Amino acid sequence: MIKKGIIFDNFITQIIDEHNASGRFGGRVHTRFPPEPNGYLHIGHAKALVADFAIAEQYGGLTNLRYDDTNPVKEDVEFVDAIKEDIHWLGFDWGDREYYASDYFEQLYEMALQMIRQGQAYVDELSGDELREHRGTLTEPGRNSPWRDRPMEENLDLFERMRAGEFPDGSKTLRAKIDMSSPNINMRDPVMYRILHATHHRTGDQWCIYPMYDWAHGQSDSIEGITHSMCSLEYENHRPLYDWFIEQLGIFHPQQIEFARLNITHTVMSKRKLRLIVEQGFVDGWADPRMPTLAGMRRRGYPPEAILEFIATVGIAKNESFVDIELLEHIVRDELNLSSKRRMAVLQPLKLIIDNYPEGKTEMFDVKDFPQDPESMSTRPVSFSRELWIERDDFMEEPVPKYHRLSPGKEVRLMNAYFVRAVGLEKGPDGELLAVHCTYDPETRGGNAADGRKVKGTIHWVDSKTALDAEVHLYEQLFPDAYPEDLPEGEVFTQHINRDSKLVIGNAKLEASLADQKPGEVYQFVRNGYFTPDSAIDQDGKPTWLRTIGLVDTWAKMQK
RNA sequence: UGGGGCAUGGUGCAAUGGCAGCACACCGGACUUUGAAUCCGUGGAUCUAGGUUCGAAUCCUGGUGCCCCAGCCA
């Protein structure tokens, strides 16, 4: 299933190697990928996903899919399904090991009972504000709750009645009895259960108490026999608690390992913010091509191999870093450059009329699909006649220095066809350019001159007789103007959304062979970048295309 | 200012006491039926101050900078 074997050699594999050497887990490697089903997976999740699946695979181990669904008010089945699709798209599979933290609610409840019996958990009646106030600050220790030393029997009774639904939301919590003066705030009697009369997407109304992350995660790992539980750096402070619960319970003890999450320039990695964008209608859902979600990238035609390669290139370490999005785009282009078929497509059409080419004549050229690959024999027929479309910026009436394309009196090659020389212009009443007239040299058929003369420029074209009209969407990823991490949430954040990110080109001309494009396939439009057909059809019945990614434009750079 | 982490070219990642290397970006050149790609090449880094050592990015000590933690979120 996995398309590319990535071999990791990093601090995580070193830890695993040490475990294997010491025999701590009997040579077993079993990881889990634990998303919360409260949104779509984005490129940032791909790092954790690859770390969990690829590293386990590297050791011949297994990876479970486990939904961390302990907060019913934020979660939904829509996301459960979308997450599965994205994992499969990247080429990973969890077999029959699809689990949910909610599967363990009963076991976790029993474990909580055990903690109470061991005198290590108590029912607290402090309000939210009081609890915060008792917790202390970063520099001052907390104070014990007045309910902390309740008798064990009373705790048992109260906790059972919490489950039975006798108390309103927020009125009571179950807390671990650890140390209110710990320098690690997570150890200051953390909440294990809160009362929440909410309908859960899987357990319905069966429960009205829900476990907190810290109480659920480690035990879920333990129940599943997870050996290496990878998570992001912010959980380092939680590891002592993760270990403490498991030690007190006396159950199988997995190893939590933390690494830095992925940051990419010009890319929002906050699920909260992405949700805001979706909910406020700035985009067309989570799979909108402007979104940094895996679904959005898939729709744009990013190959999954490129994402895997990107994660492997970026590496997994504890350094917090900002990766330049140029690297991702480079890898996408690199992958697509080999796999995508070349096509000629004109985005901004300008009529080119060949004065000395017979009216009514059409000839066919067999054009290579992979001109870079000498082995490939794959071709498609392309028609050529007297009137063609060329790119508007492939002609300049008054050329600037070093302009190699068409200009009055100058000869260029029509790609795969003939040399032509511009001989005249057709202009409208306001002086706007309507068409360019040229003459062709019949001795240059196929694009090479019999006399060996060379031309500096080669331009692409589309036969006007057979051209397809298409609508082309040049989506840009959102927020190119700011690092979203710097922007606070809400109003200020949404003001920075790039509203021009959905440029539509309505009258593009495509070569006829693109009529039978395959959905999901990416084509390289000569000099315009990579494009993929979108499933949407516009009102005129014209096919629509999305730009996957642009080409590096050295000409634009020269102009600067 | 309590606790936990992290510091290597512009960016990201290696080097685990022995010549600081790779990729992207940048710059220069060659080639080209995509001004793309490809190929060749240049420049540029160990946060800081001491110490140990024949030898330190690596070990020790002090300092500095950045990130995380005070949800009944995960």
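The values are calculated or read from the model by the stated rules, or taken from the named source; none is laboratory data. Treat the numbers as computed from the prediction; the structure is a model and nothing was measured. Cβ placement follows ideal geometry from the backbone for every residue including glycine, while neighbour counts extend to all protein chains displayed. Calculation scope for accessible area: heavy atoms of the full protein, side chains included, ligands and nucleic acids excluded. Shrake-Rupley method; radii C 1.70, N 1.55, O 1.52, S 1.80 Å.
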For chain A, just list the percent of Cα-Cα distances falling in each 20 Å bin from zero outward, please. 18, 41, 25, 13, 4, 0
Over chain A, what percent of the accessible surface lies on carbon and sulfur atoms, probe 1.4 Å? 48
Expected unfolding gain across A:Asp9-A:Arg143 under the 0.36 nm per residue rule, minus the alpha-carbon gap, is 43.7 nm
Hits among lysines - C-alpha to C-alpha of A:Lys273 under 28 Å, sequence gap 8 or more where chains match: A:Lys47, A:Lys74, A:Lys84, A:Lys318, A:Lys502
So for chain A, taking the charge dipole from beta-carbon charges (+1 Lys/Arg, -1 Asp/Glu), which of A:Ser22, A:Trp147, A:Asn337 sits furthest toward the positive end? A:Asn337
Label-to-label distance, nm, for residues given as A:Lys465 and A:Leu433 (7 Å Cα→Cβ offset): 2.6
Using the Karplus equation 6.51 cos²θ - 1.76 cosθ + 1.60 (θ = phi - 60°), what ³J(HN,Hα) coupling, rounded to whole Hz, does each residue of segment A:97-104 give in order, writing x for Gly and Pro? 9, 9, 10, 9, 4, 5, 4, 9
For segment A:23-170, take every pair of Cα atoms, bin their distances at 10 Å starting from 0, and report each bin as a whole percent. 10, 26, 25, 24, 15, 0
What residues have an amide H closer than 5 Å to that of A:Gln255, excluding those fewer than 5 places away on the same chain, when H is modeled at 1.01 Å from N in the peptide plane? A:His228, A:Ser229
Kirkwood radius from Cα pairs of segment A:412-560 plugged into Stokes-Einstein at 20 °C, 1.002 mPa s, gives D in µm²/s equal to 113
From Cα pairs below 8 angstrom and at least 6 apart in sequence, can you work out the relative contact order of segment A:388-509, rounded to a whole percent? 23
Long-range Cα-Cα pairs in segment A:352-451 (distance over 22 Å), rounded percent: 36
For A:Tyr99, other-chain or 5+-apart residues with amide H closer than 5 Å (H placed, Pro excluded) are A:Leu65, A:Arg66, A:Tyr67
Which percent of the Cα-Cα distances in segment A:315-362 go past 17 Å? 69
Between the residues A:Gln372, A:Ile277, A:Gly128, the Cα farthest towards the positive end of the dipole of chain A, that dipole coming from +1 and -1 charges on the beta-carbon of Lys, Arg, Asp and Glu, is from A:Gln372
For A:Lys351 and A:Glu375, what does the FRET efficiency come to when R0 = 56 Å and r is the distance between their Cβ atoms, rounded to the nearest 0.05? 0.90
Using the eigenvalues of the Cα gyration tensor, what equivalent ellipsoid semi-axes result for segment A:184-329 when each is taken as the square root of five times the eigenvalue, whole Å, largest first? 33, 23, 14
Work out the charge dipole of chain A with +1 on the Cβ of Lys and Arg and -1 on the Cβ of Asp and Glu about the Cα centre, then indicate which of A:Leu503, A:Pro304, A:Phe525 is farthest towards its positive end. A:Phe525
Rg from C-alpha atoms of segment A:125-192, normalised by the globular rule of thumb 2.2 N^0.38 Å, equals 1.14
Roughly how many debye, to the nearest 20, is the charge dipole of segment A:325-386 about its Cα centre, given +1 on each Lys and Arg Cβ, -1 on each Asp and Glu Cβ, and no other charges? 340
Counting only residues 5 or more places away or on other chains, whose amide H sits under 5 Å from the amide H of A:Asp441 once H atoms are built in the peptide plane? A:Phe419
Based on the Cβ-Cβ distance of A:Asp169 and A:Leu503, what FRET efficiency does E = 1/(1 + (r/R0)^6) give at R0 = 45 Å, to the nearest 0.05? 0.40
Full-stretch length increase - A:Arg24, A:Val492 - with 0.36 nm per residue and alpha-carbon distance subtracted: 163.5 nm
Could you work out how far the C-alpha centroid of segment A:31-98 sits from that of segment A:372-429, in angstrom? 49
Treating only Lys and Arg (+1) and Asp and Glu (-1) as charged, each at its beta carbon, one finds that chain A has a dipole about its Cα centre, in Debye to the nearest 20, of 1560
Could you give the length gained by full extension between A:Ser182 and A:Glu397, i.e. 0.36 nm per residue of separation minus their alpha carbon distance, to one decimal place? 69.8 nm
Provide A:Val504, A:Val123 ordered by accessible surface of protein heavy atoms (probe 1.4 Å), highest first. A:Val504, A:Val123
Just to be sure I understand the rule: take each whole DSSP H helix in chain A, project its Cα atoms onto its long axis, keep it if the span is 20 Å or more and its mean Kyte-Doolittle hydropathy is at least -0.5. Which ones pass? A:43-58, A:325-339
Inter-site label distance for A:Lys560 and A:Asp441 at 7 Å from Cα along Cβ, in nm: 3.6
Let me spell out the model: positive unit charges on the Cβ of Lys and Arg, negative unit charges on the Cβ of Asp and Glu, origin at the Cα centre of segment A:219-305. What dipole size does that give, in debye rounded to 20? 600
Show that you can apply the helix-only estimate: for chain A, add -39,500 (n - 2.57) for every DSSP H stretch of four or more residues, divide by all residues, and state [θ] at 222 nm to the nearest 500. -8000 deg cm²/dmol
Have a look at the DSSP beta bridges in segment A:391-543 and tell me what percent are antiparallel, nearest 5. 90
Once the Cβ-Cβ distance between A:Thr265 and A:Glu234 is put in as r, and R0 is 35 Å, what FRET efficiency do you end up with, to the nearest 0.05? 0.95
Taking every DSSP beta bridge with both residues inside chain A, roughly what % is antiparallel (nearest 5)? 70
What spacing in nm lies between the two simple spin-label points modelled at A:Lys318 and A:Asp366, each 7 Å away from Cα in the Cβ direction? 6.1
